[in-house]
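Engineer: Would you mind keeping the following structure in view while I ask a few things?
The values are calculated or read from the model by the stated rules, or taken from the named source; none is laboratory data. Worth saying up front: this structure is predicted, and the values here are computed from it rather than measured. Cβ placement follows ideal geometry from the backbone for every residue including glycine, while neighbour counts extend to all protein chains displayed. The protein model used for the area step is the full one, side chains on, heavy atoms only, and it has no ligands, DNA or RNA in it. Shrake-Rupley method; radii C 1.70, N 1.55, O 1.52, S 1.80 Å.
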Amino acid sequence: MSSPPVSFERPASESRPGEYNAWHMALAQLDAVAERIHLDPDMHAILARPRRELMVACPIRRDRGHIEVFTGIRVQHSQGLGPTKGGIRYHPNVTLDEVRALAMWMTWKCAVMGLPYGGAKGGVICDPKTMSMREIEALTRRFASELVAVIGEDIDIPAPDVNTNAQTMAWIMDTISMTKGHASPAVVTGKPVELGGSLGRREATARGCVFAIENIAPRIGVDLSRARCVIQGFGNAGSVAHQLIEGLGVRVVGVSDSQGAIYSSRGLSFQRVFEHKTQTGSVVGCAESETITPEDLLGLDTEVLIPAALENQIHAGNARSIRARIIAEAANGPTTPEADAILDEAGTIIIPDIVANAGGVTVSYFEWVQSLQSFFWEEEQVNSRLRRIMDKTVDRMWETHLEEGCNLRMAAYILALTRVATAYRMRGLFP
Ligand code: NAD
């Protein structure tokens, strides 16, 4: 991506030169789109800075009796289109720069989908795999109590992300409700259905991703009923994607998680892999599969590749080995700009993260609307509305890609940035 067309102050970064940094990648993407749409430099400067960043210390008592202090982060990138929205992840590698990037991507994602939200993201630097449920609950409640001043149903609405789930959201909702003295179900989405969560939310990220693949495949002559698929990551997004795409008759030939990767030319049954992962904690060793390296997984002969793990998985070092016709980015930021260029050259179609995984935030929006109205929709209504919004967005992204002669990522960014910039211009500058 090219250098910024204008020079202005940007928040100090944490990484060393040459090291992968999601925030640098997000800024490079913004700069490239800004240049392409001739974005006003003042607007560019505003959008290159997160509106608000909060870092908090969260001391909790560990099961062994000592106190450990964890770091929690919440970044709200933009409130131009409405309250901010974005998940909270628990991971040892969380950094402020990563959360900034994820918050900015949420702004573009909500904008391209036509949702009334700006972008935010949160994270806690911790390894939940080494913590008990009691410790995770204590950490979640302490973090939530530190966020009381900056989150709320009309301010900023968290949701699950990597290593967090409906239970985490229930603890956050309860902590905020107890602190405020009244039930606040709309303060989070991705809650358990019993607490006002939406039917279809758990599956929504993967469902939206599969809807996007169904929309794109016929445009480039891929017949899904004969296609193969490889999925990196077998968590919420990846496992449900496996289940749904298998339901379309696609043969899932490779799957991985943080422990390793497996392959079967005859297809890996979702049910078998899911049961094996539930019993052993990993997909590795599943019956009727062969163990392969994570790098081999990405290079498998397949029509569809779904990265559903973390950022920076497809990079200059492995992009040339990828043989998929379609990459549908269920994960956020899995492809670096260098890899993008290599894959573009090879004619690979990438359905960008801000569209491919936007089913999650779209159904979160449905959940928020339901919680605010204390009124609940049938699952069929949730899924059909999601299909409608996803198809509309993918159609517009495809048309823009043809009109502008650019790839789908640039097309999605053009649509998103134009919407956000228009909103900012209409609102004017306060004071
Ligand atoms: P999750 O914690 O449920 O699952 C993550 C999975 O990735 C796990 O199976 C883990 O073992 C695997 N993984 C981690 N490192 C890996 C590696 N190096 N190689 C292969 N697998 C690896 O998380 P999730 O909610 O499914 O999120 C996955 C991605 O999807 C993230 O990028 C997240 O931001 C994005 N996303 C999730 C949602 C959502 O609603 N859950 C919405 C939008 C985007």
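Engineer: Within the range 201-231, can you find the residues that are out of contact with any Asp or Glu (no Cβ under 6 Å at 6 or more places or on another chain), open to solvent by 40 Å² or more (accessible area, probe 1.4 Å) and not in a helix (DSSP H, G or I)?
Structural biologist: Answer for the range 201-231, where residues must be out of contact with any Asp or Glu (no Cβ under 6 Å at 6 or more places or on another chain), open to solvent by 40 Å² or more (accessible area, probe 1.4 Å) and not in a helix (DSSP H, G or I): Gly221, Asp223.
Engineer: Please state which one of Ala120, Ala103 is closer than 18 Å to Arg49 by Cβ and either not in a helix (DSSP H, G or I) or not assigned by TED's automatic domain parsing to the domain that holds His77 (or both).
Structural biologist: Going through Ala120, Ala103 in turn, just one is closer than 18 Å to Arg49 by Cβ and either not in a helix (DSSP H, G or I) or not assigned by TED's automatic domain parsing to the domain that holds His77 (or both): Ala120.
Engineer: Select from the range 299-318 the residues that are hydrophobic (A, V, I, L, M, F, W, C) and in contact with a Ser or Thr (Cβ under 8 Å, 6 or more places away or on another chain) and write down the one among them that is surrounded by the most Cβ atoms within 10 Å (Cβ to Cβ).
Structural biologist: So the residue we want is Ile314.
Engineer: Take the residues of the range 162-175 that are in contact (Cβ under 8 Å) with a residue 24 or more places away in the chain and crowded, with 24+ Cβ neighbours inside 10 Å: which is farthest from the ligand (Cβ to nearest atom)?
Structural biologist: Applying the filter and picking the extreme gives Ile172.
Engineer: If Ile349 satisfies every condition in (1) closer than 26 Å to Leu195 by Cβ; (2) of a type outside the set (Ser, Thr, Tyr); (3) more than 16 Å from the ligand (Cβ to nearest atom) but one, which is the exception?
Structural biologist: Only one criterion in (1) closer than 26 Å to Leu195 by Cβ; (2) of a type outside the set (Ser, Thr, Tyr); (3) more than 16 Å from the ligand (Cβ to nearest atom) is unmet by Ile349, namely (1).
Engineer: Another question, if that's okay. Looking only at the range 373-431, count every residue that is in contact with a Lys or Arg (Cβ under 7 Å, 6 or more places away or on another chain) and either assigned by TED's automatic domain parsing to the domain that holds Pro334 or modelled with pLDDT under 95 (or both) and tell me the total.
Structural biologist: Residues in the range 373-431 being in contact with a Lys or Arg (Cβ under 7 Å, 6 or more places away or on another chain) and either assigned by TED's automatic domain parsing to the domain that holds Pro334 or modelled with pLDDT under 95 (or both): 0 in total.
Engineer: Taking the range 221-274 as the region of interest, how many residues are acidic (Asp, Glu) and free of Cβ contacts under 8 Å to residues at least 12 places away in the same chain? Give the derivation first.
Structural biologist: Initially, the range 221-274 is screened for residues acidic (Asp, Glu), giving 223, 246, 257.
Remaining after also requiring free of Cβ contacts under 8 Å to residues at least 12 places away in the same chain: 223.
Number of matching residues: 1.
Engineer: Let me ask something additional. Of the residues that make up the range 401-409, is at least one in a loop (DSSP other than H, G, I, E, B) and farther than 18 Å from Ala34 by Cα?
Structural biologist: no
Matching residues to (1) touching a residue at least 40 places away in the same chain (Cβ under 8 Å); (2) more than 29 Å from Ala159 (Cα to Cα):
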site	(1), (2)
Ile326	yes, no
Ala341	no, yes
Thr348	no, yes
Val361	yes, no
Val369	no, no
Val382	yes, no
Leu408	yes, no
Arg419	yes, no
Leu429	no, yes
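Engineer: Please enumerate the residues belonging to the range 192-217 that are within 15 Å of the ligand (Cβ to nearest atom) and of a type in the set (D, E, K, R).
Structural biologist: Within the range 192-217, Arg201, Arg202, Glu203, Arg207 meet the criteria.
Engineer: So which residues in the range 277-287 are within 13 Å of the ligand (Cβ to nearest atom) and open to solvent by less than 90 Å² (accessible area, probe 1.4 Å)? Full working, then the answer.
Structural biologist: First, the residues of the range 277-287 that are within 13 Å of the ligand (Cβ to nearest atom): 277-278, 280-284.
The answer is Lys277, Thr280, Gly281, Ser282, Val283, Val284.
Engineer: Hey, Thr189 hits all of (1) open to solvent by 10 Å² or more (accessible area, probe 1.4 Å); (2) in a loop (DSSP other than H, G, I, E, B); (3) more than 9 Å from the ligand (Cβ to nearest atom); (4) touching a strand residue (DSSP E or B) at 6+ places or on another chain (Cβ under 8 Å) but one; which does it fall short on?
Structural biologist: (1) is the only condition that Thr189 fails.
Engineer: Then there's this: Of all residues in the range 288-298, which are near the ligand (Cβ under 10 Å from one of its atoms) and open to solvent by less than 40 Å² (accessible area, probe 1.4 Å)?
Structural biologist: Selection gives Leu297, Leu298.
Engineer: May I ask you to list the residues in the range 239-253 that are more than 15 Å from Gly281 (Cβ to Cβ) and either in a helix (DSSP H, G or I) or within 11 Å of the ligand (Cβ to nearest atom) (or both)?
Structural biologist: Those that are more than 15 Å from Gly281 (Cβ to Cβ) and either in a helix (DSSP H, G or I) or within 11 Å of the ligand (Cβ to nearest atom) (or both): Val240, Ala241, His242, Gln243, Leu244, Ile245, Glu246, Gly247.
Engineer: Quick one: is Val230 touching a Ser or Thr at 6+ places or on another chain (Cβ under 6 Å) and either more than 11 Å from the ligand (Cβ to nearest atom) or not assigned by TED's automatic domain parsing to the domain that holds Val162 (or both)?
Structural biologist: In short, yes.
Engineer: Another question about this same structure. For the range 331-355, which positions are closer than 18 Å to Ala120 by Cα, open to solvent by less than 10 Å² (accessible area, probe 1.4 Å) and either in a loop (DSSP other than H, G, I, E, B) or in contact with a Gly (Cβ under 8 Å, 6 or more places away or on another chain) (or both)?
Structural biologist: Selection gives Ala331, Gly333, Asp353.
Engineer: Just one of the numbered conditions (1) within 12 Å of the ligand (Cβ to nearest atom); (2) of a type outside the set (A, V, I, L, M); (3) open to solvent by 10 Å² or more (accessible area, probe 1.4 Å); (4) modelled with pLDDT of 95 or more is not true of Asp154; which one?
Structural biologist: (1)
Engineer: May I pose another question? Hey, His182 hits all of (1) in contact with a Ser or Thr (Cβ under 8 Å, 6 or more places away or on another chain); (2) outside any helix (DSSP H, G or I) but one; which does it fall short on?
Structural biologist: So His182 meets the others, but not (1).
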